Each structure stands twice: as structure tokens, then as C-alpha cells.
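Below is one structure, written out as C-alpha cells; comments come after it.
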Amino acid sequence: MRICGFNKTTLLDYPGKVASTIFLGGCNFRCPFCQNSVLVLEPGQQPDYSQEEILAFLKKRKGILDGVCVSGGEPTLAKKLEEFLHKIKELGYEIKLDTNGSRPEIVRKLAEEGLIDKVAMDIKACLDNYSVLTGVSDPDMDKICETVDMLIHGNLNLDYEFRTTVVRELHTQKDFEEIAEWLKGAKEYYLQAYKDSEGVLKPGFTSYTLEELKGFQQILQQTISSVGIRGID
Ligand code: SF4
């Protein structure tokens, strides 16, 4: 497991908590709009924080911080993730896992062992647009759907949210009509406006306007209890 990034304090990554965020290197997708491309393409060239260093910081900040967000890359690919989360839990922190949903068996195991409290799962696109949005020709959609189903219906005593980074050049209204059907009954979903940045895997994409995002929001609200918009004023 390579810890390539560590944000000591964030109010954004774990909603409702003052948290630290840990970024693990490596990913099985190549989403063209990925903002953390160096973690995906060159994890070996990135900083390598020791677990001891992170744990010592978290121990010292107990009482000031109340959550830890584990992000990436794709954290469920990391070897020894479970052991690391055990150590964070022993310090008394709540843990949020960010995932692309490709490894439902890992999410289930972590949830059953009480090692995660919340999952934020990316919904890249509607089902038939996944290969374009993930940048891999044959993503395992059975696994993705299994994670979605587990979060909505799995009785795992796990808080969750779904979220989509919305890119003008890659999504159309059809995506959101189909996502609304796919995620029917979900409790929380966010449309995240795409933002261009230096770290993006394929630069040059743009965002929809707030008005356009509100149009997608209305479609999703027909089947999902709470639909928010992030990243745009
Ligand atoms: S956006 Fe997430 S799933 Fe996609 S390549 Fe980047 S880290 Fe991987």
C-alpha cells in the first residue's frame, strides 16, 4: 500500500466532519477527467508517507479531528488496507471510503468488520457509457452494479452517497435519465461540476452551467430522495 498524499485537515472531503484525507496510489480505471492523474499513472513517483507517520499525526489530533477520508486512486486495490483501517479505528476515528465501486467484496468486508462508516461511490455515467468515462474498454459492470445494490439495499449499517463528476463533453441528459432509473430508491446523490486543473488526465473538458445541472437534478429527484449540486455557484 502506497500512501501518496495526505491532507491534514479538510471540511469538504467528509461532510459534517473535520477530517484528514489519505490518498492511496494506483487505480484500475483511467477516467479521462480524473483530477488525480499522477496517483493513477505514476504512483511510484509520488511521495510515500509511512503509516506510522500518519497514525502518529492522527493520535495527536484526536479531539480536534473526528474523521478520516480514505481516497485515491482506488483505495480498495491497496494491499493491507484492512490492517491500516483497523489501526485508524483503534484511535477512535470514523472512516469514509471513496471508491469507484469496482470491488464490492472489499467494501462488504470492510463494512461487516466495522472498519468503515461511510462510502462515497462514483457513478461515472449511465451503464452503457461506462467504458468511455472510465477509459477502460470492458469495465466489469456486474461488480459496479453489485456495489450500487449493496449500498442501497444491503442492510450494512453503512452511510453512503453516490456522486457523478459531470463533464459537458462526456455526459448527456440520457445519462441522468438512466442513472435515475438505475439508482432508484437511493438516499443521497451529488452532481459535481467538472473543474479543469493541472492534474487532469486529459485536459480540455468543460462543465455544464448551474442551470443545466439543475435540469439534471430535477430528473434525478424523481427517484432519489436527496440530490445536491457541488462545485459551482
Ligand atoms: S477518477 Fe477515480 S476511478 Fe477514475 S481514474 Fe481517477 S482515481 Fe481512478
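Data overview
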| item | result |
| --- | --- |
| Solvent-accessible area per residue for segment 134-215 (1.4 angstrom probe, square angstrom) | 50 |
| Accessible carbon and sulfur surface of segment 76-220 relative to its total accessible area, %, 1.4 Å | 46 |
| Nonlocal amide H pairs with GLN192, under 5 Å, H built at 1.01 Å | THR164, THR165, VAL166, ARG230 |
| For segment 56-109 and segment 110-170, distance of Cα centres in Å | 17 |
| Loop trypsin sites (Lys or Arg not before Pro), segment 104-185, which have at most 16 other Cβ atoms in a 10 Å radius of their Cβ (DSSP) | ARG168, LYS184 |
| When the convex hull of its Cα atoms is projected in every direction, mean area for segment 11-88 (nm²) | 5.7 |
| Protection-proxy order for peptides 110-117, 78-85, each taking the mean of Cβ atoms within 10 Å per residue, highest first | 110-117, 78-85 |
| Stokes-Einstein D (µm²/s) once Rh is taken as the Kirkwood radius of segment 41-148 over alpha-carbon pairs, at 37 °C in 0.692 mPa s | 215 |
| Neighbour net charge for LEU91 - beta-carbon separation under 12 angstrom, K R +1, D E -1 | +3 |
| Under 5 Å, built H, 5+ apart or other chain: amide partners of VAL119 | LEU97, ASP159, TYR160, GLU161 |
| Helix-derived mean residue ellipticity, 222 nm - over the chain, DSSP H n ≥ 4, -39500 (n - 2.57), to 500 | -9000 deg cm²/dmol |
| Rounded FRET efficiency, nearest 0.05, which uses the C-beta distance separating GLU82 from ASP48 and R0 of 22 Å | 0.65 |
| Shape category assigned to segment 43-105 from the gyration tensor of Cα positions, a/c cut at 1.5 | oblate |
| Cut-off under 5 Å, modelled amide H: who pairs with VAL136 long-range | ARG30 |
| Equivalent-ellipsoid semi-axes of the chain, from the Cα gyration tensor, Å, largest first | 28, 20, 17 |
| Stretchable slack from THR209 to ASN157, in nm (0.36 nm times residue separation minus alpha-carbon distance) | 15.1 nm |
| Translational D in µm²/s for segment 111-206 (Stokes-Einstein at 4 °C, 1.567 mPa s, Kirkwood Rh from C-alpha pairs) | 89 |
| Fraction in percent of alpha-carbon pairs per bin - 10 Å, segment 174-233 | 22, 46, 26, 5 |
| MET141, MET150, reordered so the largest accessible area comes first (probe 1.4 Å) | MET141, MET150 |
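The values are calculated or read from the model by the stated rules, or taken from the named source; none is laboratory data. As the structure is a prediction and not an experimental result, all values here were calculated from the model. Positions of Cβ are generated from backbone atoms using ideal geometry, with glycine treated the same way; all protein chains shown enter the neighbour counts. Surface accessibility is based on the protein's heavy atoms, side chains included, excluding ligands, DNA and RNA. Shrake-Rupley method; radii C 1.70, N 1.55, O 1.52, S 1.80 Å.
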